[in-house]
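Asks: Let me give you the structure first, and then I'll get to my questions.
The values are calculated or read from the model by the stated rules, or taken from the named source; none is laboratory data. Note that the structure is predicted; figures quoted are calculated from it, not measured. Because the Cβ atoms are built from the backbone with ideal geometry, glycine has one as well, and the counts that use them run over all protein chains shown.
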Amino acid sequence: MTVTYDPSHPAYYDQADLRKEMVRAFEICHGCRICFNLCQSFPTLFDAVDRRDGDVASMTFDEQDRVIHECYQCKLCYLKCPYVPPHEWSLDFPRLVMRANAVEHRISKRTYHDRVVDQFFGRTDLVGRLSSAGAPVVNAIAGKRGSLARRAMQATIGIASERLLPPYSKERFTTWFRRRTPPLLVDPPGLQGKVSVFPTCFIEYMDPAIGKDLCKVYERNRVDCSVPQGTRCCGAPWLHQGDVEAFEKAARRNVESLVVELRAGKDVVVAQPTCAYVLKQDYPRYVRTHEADDVAAHTYDASEYLAALHTGEGTELETRFDGEVPDRVTYHLSCHLQAQSIGVKARELLRLAGIDVDLVSRCSGIDGTWGYRAQNYEMSLKVAQRMKSEIEEAANSTVCGDCHLANGSILQETGLKPVHPMQLLARAYGIPEER
């Protein structure tokens with residue numbers, strides 16, 4: 001048995017070795033059970049073990065696989081687990097699941113329909129380019145939950161027909177950035193930094209307004225913004241469905257582009273927590289180069305970078321806020337932002353702008369593409385109920401959240417459309433929303 005989460009290890013794809021490691025990990029989880037109230041994977045695991053009077057090794061492969069398939073990679077169990085590396089037991093449940101998904105993909109255990117669905121979810125840039133080009137028609141069709149067209153989409157490409165989908169924008173973020181009038185920043189000695197804004201698929205194709213406000217907020221704080229050339233989707237959909245080869249290809253391409261930005265003296269800023277986590281945590285593991293390590297070390301969440309300006313030596317955050325913003329908001333702290341272990345930076349910034357913040361940190365049940373898939377839809381709704389209840393208990397008319405995936409779940413569950421922290425900060429600075 002090999003305890004490995006390294007995809008380059010010779011035993012990583014060995015199915016028999018993986019099964020032994022799953023038994024080892026499940027035995028540790030059975031003896032601890034601190035994660036009993038997280039995702040459904042753990043109740044499923046514990047129920048199966050209890051039916052066997054604690055004999056983990058007697059679980060069938062189907063029972064093991066069900067535990068794996070119900071994990072949606074929120075990473076919260078890693079934050080709670082007392083046995084993660086460098087503990088001698090070296091347990092990393094999310095990466096065990098990723099290994100199992102990679103082995104399943106390698107041995108072609110998935111059905112033809114599953115492989116078609118995986119291809120659709122993995123090719124986010126192709127889908128994004130086509131959908132943006134035909135945005136009015138695409139939005140009209142995809143926006144009608146439960147319609148005949150949506151049921152056909154569910155049958156063919158696997159998106160749950162009742163899942164609320166974000167609309168596409170006719171103008172992409174990078175198109176706006178290239179066309180905009182260059183901002184008149186202070187002379188270079190007055191600059192506080194230079195950043196390269198990694199667009200993410202959601203900002204690029206669906207909600208460019210977030211990227212626009214991010215650039216304007218950064219420029220208000222004397223930080224020069226650019227957009228990297230040649231980057232595409234971070235590759236998270238490929239990784240989460242076990243296609244390591246496709247993910248590594250996407251990661252290497254992005255690392256090559258982002259290293260150019262680093263060499264120009266820029267940091268990388270990402271306004272989507274899932275993508276930021278992938279750049280910080282997964283690129284070094286899968287690309288395994290000094291360049292990937294450098295990209296990870298110089299990648300920041302959008303609020304994390306601004307908070308560092310405020311607390312850093314020799315830098316400052318503009319704290320003259322003369323715009324109109326709500327007195328109180330509900331801020332949703334997404335799972336993949338928690339997994340970065342950087343604190344609640346957006347809350348710090350909103351408080352500086354004079355906004356009282358009610359924090360909600362429950363999972364939205366989306367987590368990448370998992371909650372969009374038809375077979376996971378009902379379970380995803382159950383996961384989101386605690387988040388929904390806490391948002392409704394806060395009873396604020398404005399909800400704020402960094403994660404575009406989670407924000408879609410919030411809108412579907414509560415009817416409240418969340419705004420990104422960069423959008424609230426822009427309004428607090430008096431920067432008008434660009435229509």
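Asks: Which ones in segment 412-435 are touching a strand residue (DSSP E or B) at 6+ places or on another chain (Cβ under 9 Å) and surrounded by 16 or more Cβ atoms within 10 Å (Cβ to Cβ)?
Replies: Residues of segment 412-435 that are touching a strand residue (DSSP E or B) at 6+ places or on another chain (Cβ under 9 Å), as a first pass: 414, 416-421, 423-424, 427.
Matches in segment 412-435: 414, 416, 418, 419, 420, 421, 423, 424, 427.
Asks: Of all strands (runs of 3 or more DSSP E) completely enclosed by segment 287-368, which ones contain at least 2 residues that are closer than 25 Å to residue 397 by Cβ?
Replies: Details: elements: 299-301, 328-332, 356-360.
Qualifying strands (runs of 3 or more DSSP E): 328-332, 356-360.
Asks: Another question about this same structure. Is it fair to say residue 260 is more than 14 Å from the chain's Cα centre (by Cα) and either assigned to a loop (DSSP other than H, G, I, E, B) or modelled with pLDDT of 95 or more (or both)?
Replies: Working: more than 14 Å from the chain's Cα centre (by Cα): yes; either assigned to a loop (DSSP other than H, G, I, E, B) or modelled with pLDDT of 95 or more (or both): yes.
The answer is yes for residue 260.
Asks: With out of contact with any Gly (no Cβ under 7 Å at 6 or more places or on another chain), free of Cβ contacts under 8 Å to residues at least 24 places away in the same chain and charged (D, E, K, R) as the only criterion, which of 313, 324 stands out? So that I can check it myself, show each step before the final result.
Replies: Working: 324 fails: free of Cβ contacts under 8 Å to residues at least 24 places away in the same chain.
Of the residues listed, the single one that is out of contact with any Gly (no Cβ under 7 Å at 6 or more places or on another chain), free of Cβ contacts under 8 Å to residues at least 24 places away in the same chain and charged (D, E, K, R) is 313.
Asks: Continuing with this model, one more query. Test residue 163 against the criterion of being within 22 Å of residue 430 (Cα to Cα) and touching a residue at least 24 places away in the same chain (Cβ under 8 Å), and give yes or no. So that I can check it myself, show each step before the final result.
Replies: Details: within 22 Å of residue 430 (Cα to Cα): no; touching a residue at least 24 places away in the same chain (Cβ under 8 Å): yes.
No, not satisfied.
Asks: Among (1) without any contact (Cβ under 8 Å) to a residue 40 or more places away in the chain; (2) aromatic (Phe, Trp, Tyr); (3) touching a Ser or Thr at 6+ places or on another chain (Cβ under 6 Å), which single condition is residue 247 missing?
Replies: All conditions pass for residue 247, except number (3).
Asks: In addition: Among the residues of segment 351-372, which ones are of a type outside the set (S, T, N, Q) and either crowded, with 24+ Cβ neighbours inside 10 Å or closer than 22 Å to residue 38 by Cβ (or both)?
Replies: Correct list: 359, 360, 362, 363, 365, 366, 367, 368, 370, 371, 372.
Asks: Give the residues of segment 8-36 that are part of a loop (DSSP other than H, G, I, E, B) and crowded, with 19+ Cβ neighbours inside 10 Å, sorted by residue number.
Replies: 35
Asks: Right, here's the next one. Inspect all residues belonging to segment 283-300 and state whether any of them is within 30 Å of residue 73 (Cα to Cα) and either polar (S, T, N, Q) or outside the structural domain of residue 196 (by TED's automatic domain parsing) (or both). So that I can check it myself, show each step before the final result.
Replies: Let us first name the residues in segment 283-300 that are within 30 Å of residue 73 (Cα to Cα), namely 283-300.
Subset that is either polar (S, T, N, Q) or outside the structural domain of residue 196 (by TED's automatic domain parsing) (or both): 289, 299.
Yes, that holds for at least one residue.
Asks: Would you check which residues across segment 84-126 are buried (at least 18 other Cβ atoms within 10 Å of the Cβ) and either of a type in the set (D, E, K, R) or farther than 19 Å from residue 73 by Cβ (or both) and list them?
Replies: Answer for segment 84-126, where residues must be buried (at least 18 other Cβ atoms within 10 Å of the Cβ) and either of a type in the set (D, E, K, R) or farther than 19 Å from residue 73 by Cβ (or both): 92, 95, 99, 104, 118.
Asks: Please go through (1) of a type in the set (S, T, N, Q); (2) more than 24 Å from residue 114 (Cα to Cα); (3) crowded, with 20+ Cβ neighbours inside 10 Å for residue 376 and return the number of the only condition it doesn't satisfy.
Replies: So the condition that residue 376 fails would be (2).
Asks: Sort out which residues of segment 105-133 are more than 23 Å from the chain's Cα centre (by Cα) and within 25 Å of residue 12 (Cα to Cα), and write them in order of number.
Replies: First pass over segment 105-133, keeping only residues more than 23 Å from the chain's Cα centre (by Cα): 106-113, 133.
Listed by number, the residues that qualify are 106, 107, 108, 109, 110, 111, 112.
Asks: Same structure again: Would you check if there is a residue in segment 381-396 being closer than 30 Å to residue 119 by Cβ and more than 20 Å from the chain's Cα centre (by Cα)?
Replies: No, because not a single residue in segment 381-396 is closer than 30 Å to residue 119 by Cβ and more than 20 Å from the chain's Cα centre (by Cα).
Asks: Oh, and also: Taking segment 382-399, which residues are surrounded by 18 or more Cβ atoms within 10 Å (Cβ to Cβ) and modelled with pLDDT under 95?
Replies: Scanning segment 382-399 gives 383, 384.
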